[in-house]
Amino acid sequence: MLLNRKGNKHRRPSKAVRVATLAGVAGAAVAVPLMGATNASAASVATWDAVAQCESGGNWSINTGNGYYGGLQFSQSSWAAAGGTQYAARADLATKAQQIATAEKLLDMQGPGAWSCAGAGNLANDGVDPGVDTGSGAAKQEAAPKQEAAPKKAERTEAPATNRSDRSDAPKATKKTVTTPAGKKVAKGDGEYKVVAGDTLSRIAADHHVKGGWERLFKLNKDIVQDADLIYPGQQLHLTK
């Protein structure tokens, strides 16, 4: 990780380092003139790759929440002081080339001691221009939390109109006829007595004490009984008026 605070503890910081640290608070623009005032520093891409491998396992987009960001594990103050905010708000949101370009400026400002892993890549002010193109890739934007798409409402369709008798919950139509053994349909009636096989008007009148006998019974049901000698199982006869 960057040792811009802890590493400097072991030596008296130069004036350039002290002003650059203040620039991390006041804004990167303050640090820019200082970079031009010092000797140019540079290291090869291979060297920065080796440092990043030690610092972050070579993950240039890493952000573990420990206060250090990107492949070279910039602190936020060091990133700002070295002008990194011109590329992205944090190092992990910048491209590899943009992080190396910013690291070059920090190397010029603070030297190899700014990285605890400087030794792993033999980092030094060797004057080698890494030749990175900071415009080769756009800085990444912080991913916005995904929003689940609202479930699509099913289009309402009107059910075709049906007759009441067609609906499954409609009461079934009352059957108004019965079929004779010969296959003929005759009126069923809606009386209180249901004719069974073997019945005659005489027997029904006698069993149910119909005043006036079978003639009375025939008269009460003349709308469904056409012949006094012919009644059919399933017909329903009135016994009283």
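Amide H contacts for Thr177 (H built 1.01 Å from N in the peptide plane; partners 5 or more residues away or on another chain; cut-off under 5 Å): Lys188. Peptides 79-86, 201-208, 65-72 ranked from most to least packed, by the mean per-residue count of other Cβ atoms within 10 Å: 79-86, 65-72, 201-208. Note on region 56-129: dipole from Cβ charges, positive end direction compared against Asn66, Ile100, Gly121; the farthest Cα belongs to Asn66.
We did not get these values from a lab; they are worked out from the coordinates using the rules stated. For clarity, every value in this text was computed on a predicted model and none was experimentally measured. Every residue, glycine as well, gets a Cβ built from its backbone with ideal geometry; the counts of neighbours run over all protein chains shown.
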